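Read through the structure below, which is laid out as structure tokens, and then see the notes.
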Amino acid sequence: MTASGAVCVQGVGDRALATVDLNNLRATSEHDRARLDRLRATRGELGDLILARLAKLPKTSRITIETGGEILLVHGSPLDPSEPITHDMTDEEMNALLGDDPADIVICGASHVPFDRQIGDTRIVNVGSVGEAPGGQHAHATFVETSAAGVAVEQFVVPLGRAA
């Protein structure tokens, strides 16, 4: 937990930024070369201290809520934090990615598309994208508030750039 009370978990981008050995990567196209250049630049901009903190972020975090239930925060799915749970999956596909995790609510985001869905006894809330969403015109924001009465989720779109 940060000083502000925010809870962060490690995503695949965080892990790549912090751990990928760039000396072992070779670009096979201009597109790949541009991506590697951007990765190098981003690592330089972040610096060693932030990269070390990204490397230490947990893959999951559990929060006990006022109702006695539990929230699991994970980038992807409880079964595999790098595997996204997506809005277009069937109940069976989502259930398979939940595995036998006991959390009442799973908060994830790897697919970058927000949704709020109940699968059996588990509520899955995908927060969408923290930064720029696919398509580049907007970002998503999700507020999750817990109280003795339960959990309230509010999702909305934030316009970026000219759309704002």
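The values are calculated or read from the model by the stated rules, or taken from the named source; none is laboratory data. What you are looking at is a predicted structure, and each value in this text was computed from that prediction instead of being measured. Note: accessible area is taken over every heavy atom of the protein model, side chains too, but ligands, DNA and RNA are not part of it. Shrake-Rupley method; radii C 1.70, N 1.55, O 1.52, S 1.80 Å.
First check a/c for the range 91-130, with a ≥ b ≥ c the square roots of the eigenvalues of its C-alpha gyration tensor; if it is under 1.5, answer rounded, and if not, answer prolate when a/b is larger than b/c or oblate otherwise. Present the calculation step by step, with values, prior to reporting the outcome.
Working: a/c = 1.95, a/b = 1.75, b/c = 1.11.
Prolate, because a/c is 1.5 or more and a/b exceeds b/c.
Could you state the orientation-averaged shadow area of the convex hull built on the Cα atoms of the range 36-164, in nm² to one decimal?
So the Cα hull casts an average projection of 9.8 nm².
Hey, what number do you get for the chain at 222 nm if only DSSP H runs of n ≥ 4 count, each worth -39500 (n - 2.57), divided across all residues, to the nearest 500?
Numbers: 3 runs with 43 residues, N = 164.
Helix contribution divided over all residues of the chain: -8500 deg cm²/dmol.
Determine the share of the range 17-164's accessible area contributed by carbon and sulfur atoms, expressed in whole percent, with a 1.4 angstrom probe.
Values: 4640 of 9010 Å².
Reported share for carbon and sulfur atoms: 51 percent.
Per residue of the range 54-70, in order, report the coupling 6.51 cos²θ - 1.76 cosθ + 1.60 (Karplus, θ = phi - 60°) as ³J(HN,Hα) in whole Hz, putting x for Gly and Pro.
Each residue's phi maps through the Karplus curve to give 4, 5, 8, 4, x, 6, 9, 8, 10, 10, 7, 9, 4, 6, x, x, 9 Hz.
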